[in-house]
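Visitor: Could you have a look at this structure, given as structure tokens, before my questions?
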Amino acid sequence: MAVPILRQGPYLIATVMAAIEDHDWQRLGADLVSLTGGDRAKGVLLDVTNLDVLDSFAARTLATIAQTIRLRGAMTVLVGIQPEVAFAMVQLGLAGRLAGIATALDLVDGMATLDRSVHGAWRHG
Amino acid sequence: MGVTPEEVAERKAFLEFDDRDVGHLQELTGLAQQYAVPVIEAFYRHLLSFPVGQEFFEDRALLERVKQAQVRYFLDLTTGDYGPDYVENRLRIGAVHERIGLPVDADLGMYNFYLRDVSKRLFEAWRDKPERVLTAIQSLLKLVFLDIGLALDTYIDHRERTIRLQQRAISDLPTPVLQLREGLLLVPIVGLIDSSRARQLTEQLLQAIRANRAKVVVLDITGVQAVDTKVANHLVQTMEASRLMGANVIVSGLSPEVAQTLVVLGIDLGNVRTVGDLQVAIDEADRFLGYQADRSGVARQPES
């Protein structure tokens with residue numbers, strides 16, 4: 001199941017609606033990376049609100065996607081990780097894999113994070 | 001507390017207390033009845049010549065009651081029946097002593113006094129039969145040491161129970177998650193952090209982050225006296241989980257001792273923002289949130 005990627009101003013928004021297979025994660029990564037360059041997107045919002053599991057493969061892929069996107073000149077914000085998912089990831093020791101990715105509570109906050117980053121107004125953390 | 005029959009049997013075996021000893025002790029019954037009152041009177045005279053005794057037995061009625069109980073205790077030593085009832089009775093006496101706060105050394109002193117006084121009287125009564133005296137005293141020693149063991153157990157058991165209760169009370173302390181300002185949560189942690197408490201705290205905090213749309217969480221650990229590897233890991237996990245939900249965590253209140261322990265243990269808190277006290281943490285959080293609120297896109301430098 002392909003993940004739709006929307007464009008909102010200078011940002012790309014990918015909302016993962018339901019649990020997806022490993023190869024869908026990889027495809028999502030490839031799509032995002034190519035769009036980042038092509039559309040001159042400044043930021044990517046990856047919305048995982050609807051997921052109740054983020055396994056080790058997903059975590060690793062997300063980290064890879066974010067790194068690659070950064071090399072292409074844009075920033076990735078992972079939004080909508082649910083409390084249960086966060087707790088489970090920490091228990092499984094997966095949180096460290098996402099250490100390099102910005103996170104936000106939801107799309108609104110994620111957008112604000114990108115705004116700040118793009119405008120260079122905030123350099124904390 | 002209860003001591004199983006097997007345990008009692010084991011203790012008796014260790015003391016080499018057997019049927020012959022029961023026989024020796026039974027032979028003392030007549031003498032014991034004769035000596036019980038004078039020996040106990042002598043002991044209480046002795047005890048009352050010390051401040052601890054005077055303090056304890058200001059109440060004369062209490063003194064009389066205790067003396068009577070002692071007479072019964074004394075006579076029980078030579079009945080020949082050292083079964084479950086005997087053990088139960090010994091444990092109860094120990095529990096009473098513990099409850100009234102009789103110091104252990106006074107308790108031990110009593111056993112010592114009785115043994116000395118009784119052996120003296122035995123030698124006087126059986127001057128011509130020193131071997132009989134010796135075996136009787138040896139049997140008595142075994143039984144009294146069994147008693148002492150049981151009495152000490154009640155003391156230890158009671159203290160352990162108190163410690164357990166207190167530990168539970170400490171770990172049951174609620175850890176409130178407080179909203180201090182919009183987007184800012186404060187979690188003051190007091191007492192011991194064990195796995196179950198850490199888990200509960202993390203779950204509670206994550207829910208609160210979502211419910212309050214928190215962007216900064218201040219974990220104040222001023223009230224945490226001891227931090228070891230496990231506790232530190234719990235804290236790190238709480239922080240990582242919070243970050244996954246988009247909230248920044250600031251830890252405040254690391255005492256010098258705690259900081260030193262962490263360094264000595266080699267626990268890396270490099271990714272964790274730590275500050276000295278709560279005030280600095282709140283200042284920092286405010287500064288952070290100030291930027292959050294600024295959506296005009298105009299860059300503004302922090303005040304400090």
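Visitor: Count charges around A:Q82 for me, please; just the other residues with Cβ under 10 Å from its Cβ, Lys/Arg as +1, Asp/Glu as -1.
Guide: Result for the neighbourhood of A:Q82: -1.
Visitor: How many angstrom lie between the C-alpha centres of the stretch A:93-113 and the stretch B:100-173?
Guide: Each part's Cα centre sits 66 Å from the other's.
Visitor: Please work out the ratio of the alpha-carbon Rg of the protein assembly as shown to 2.2 N^0.38 Å and round it to two decimals. Write down the numbers at each step before the final one.
Guide: Values: Rg = 36.4 Å, N = 429, 2.2 N^0.38 = 22.0 Å.
Cα Rg divided by the expected 2.2 N^0.38 Å: 1.65.
Visitor: What Kirkwood radius, in Å to one decimal, follows from the Cα pairs of the stretch A:21-125?
Guide: 14.0 Å
Visitor: Can you tell me the 0 to 90 degree angle between the C-alpha axis of helix B:60-76 and the longest principal axis of chain B, rounded to 10?
Guide: Helix B:60-76 and the main axis of chain B meet at about 70 degrees.
Visitor: So, counting K/R as plus one and D/E as minus one, what does the shell of residues with Cβ under 15 Å around B:Q54 add up to?
Guide: -1
Visitor: If amide hydrogens are placed 1.01 Å from N in the peptide plane, which non-local residues have theirs closer than 5 Å to the one on B:T222?
Guide: For B:T222, whose amide H was placed from the backbone, the distant partners under 5 Å are B:I189.
Visitor: Springs between alpha-carbon atoms under 10 Å, Gaussian network over chain B: tell me which of B:D147, B:D85, B:D157 tops the mean-square fluctuations.
Guide: B:D85
Visitor: Could you let me know the centre-to-centre spacing of the stretch B:1-56 and the stretch B:182-239, using Cα atoms, in angstrom?
Guide: 55 Å
Visitor: Suppose we flag GluC sites (Glu not before Pro) only when DSSP calls them loop and at most 12 other Cβ atoms lie within 10 Å. Which is the longest uninterrupted stretch of chain B?
Guide: B:59-181
Visitor: Ok, one more. Hey, what number do you get for the protein assembly as shown at 222 nm if only DSSP H runs of n ≥ 4 count, each worth -39500 (n - 2.57), divided across all residues, to the nearest 500?
Guide: Numbers: 16 runs with 257 residues, N = 429.
So the calculated ellipticity at 222 nm is -20000 deg cm²/dmol.
Visitor: Work through the residues other than A:A66 whose Cβ is under 15 Å from its Cβ and net out their charges, Lys, Arg +1 and Asp, Glu -1.
Guide: With Lys, Arg at +1 and Asp, Glu at -1, the net is +4.
Visitor: Ok, one more. Could you grab the Rg to Rh ratio for chain B? Cα atoms only, Kirkwood for Rh.
Guide: 1.30
Visitor: If you don't mind, another one. Given 0.36 nm per residue, what is the gain on full extension from A:Q26 to A:D52 after removing their alpha carbon distance, in nm?
Guide: 7.5 nm
Visitor: Using DSSP to call loops (not H, G, I, E or B), can you name the trypsin sites (Lys or Arg not before Pro) in the stretch A:19-70 whose Cβ has at most 11 other Cβ atoms within 10 angstrom? Before the final figure, lay out the partial values.
Guide: Values: sites: A:R27, A:R40, A:K42, A:R60, A:R70; in loops: A:R40, A:K42.
Loop-located and lightly packed - A:R40.
Visitor: Let me ask something additional. Given 10 Å bins starting at zero, what is the percent of C-alpha pairs of the stretch B:1-145 in each, up to the one with the largest pair distance?
Guide: All Cα pairs considered, the percentages come to 10, 40, 35, 15, 1.
Visitor: What whole-number value in cubic angstrom gives the convex hull volume per residue for the C-alpha atoms of the stretch B:72-199?
Guide: Taking only Cα atoms, the stretch B:72-199 has a hull volume of 138 Å³ per residue.
Visitor: Can you give the angle from 0 to 90° between the axis of helix B:278-293 and the longest principal axis of chain B, with both taken from C-alpha atoms, to the nearest 10?
Guide: The angle comes out near 30 degrees.
Visitor: At R0 = 35 Å, how high is the FRET efficiency between A:L6 and B:L178 if r is their beta carbon distance? Nearest 0.05 is fine.
Guide: Step by step, r from the Cβ atoms, then E = 0.40.
Visitor: Same structure, new question: Between the helical axis of B:29-48 and the dominant principal axis of chain B, each derived from Cα atoms, what acute angle in degrees is found, rounded to the nearest 10?
Guide: So the inclination is approximately 50 degrees.
Visitor: Run down the lysines and flag those whose C-alpha is under 24 Å from the C-alpha of B:K67, throwing out any fewer than 8 positions away in its chain.
Guide: B:K120, B:K142
Visitor: Follow-up question, since we're still on this one. For the stretch B:22-65, take the alpha-carbon Rg, divide it by the Kirkwood Rh, and send me Rg/Rh.
Guide: Taking Rh as the inverse mean 1/r over Cα pairs, Rg/Rh reads 1.17.
Visitor: I've got another one for you. What are the aspartates and glutamates whose alpha-carbon lies under 15 Å from the alpha-carbon of B:K215, with same-chain residues fewer than 8 places away excluded?
Guide: A:D106, A:D109, B:E182, B:E240, B:D283, B:E284, B:D286, B:D294
Visitor: Å³ per residue of the Cα convex hull, for the stretch B:1-79?
Guide: In the stretch B:1-79, the Cα hull volume divided by residue count equals 133 Å³.
Throughout, read-outs are computed from the coordinates displayed, never taken from laboratory work. Since this is a predicted model, take the numbers as computed values, not measurements. Positions of Cβ are generated from backbone atoms using ideal geometry, with glycine treated the same way; all protein chains shown enter the neighbour counts.
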